[in-house]
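The values are calculated or read from the model by the stated rules, or taken from the named source; none is laboratory data. Just so it is clear, the structure is predicted and the values come from calculations on it, not from any experiment. For neighbour counting, all protein chains shown are included, and Cβ atoms are generated from backbone atoms with ideal geometry for every residue, glycine included.
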Amino acid sequence: MTSATPLVRVERGHASDDELAALTVVLLSRTTAPAPAAGPTAPAVPLWDRPERNAPYRPPVSWRR
């Protein structure tokens with residue numbers, strides 16, 4: 001590939017050739033990583049959800065019933 005525009009641009013500072021080479025290795029290793037095994041997956045349930053917080057609204061005087 002011979003292109004006038006670079007593939008990677010440094011926004012701040014000055015990246016050395018070694019740093020750009022390390023970044024290239026990391027990015028290329030991510031693109032060639034094998035796909036995760038397709039197996040049964042659990043349903044997506046948010047772990048941050050707390051069912052007791054989703055209780056129906058009760059007015060302040062509901063204790064009188």
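Data table
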item: Any chance Glu11 is of a type in the set (D, E, K, R) and part of a loop (DSSP other than H, G, I, E, B); result: yes
item: Filter result (β-branched (Val, Ile, Thr) and loosely packed, with under 10 Cβ neighbours inside 10 Å) within the stretch 1-24; result: Thr2, Thr5, Val8
item: All positions within the stretch 11-58 that are at pLDDT below 75 and of a type in the set (Asp, Glu); result: Asp49, Glu52
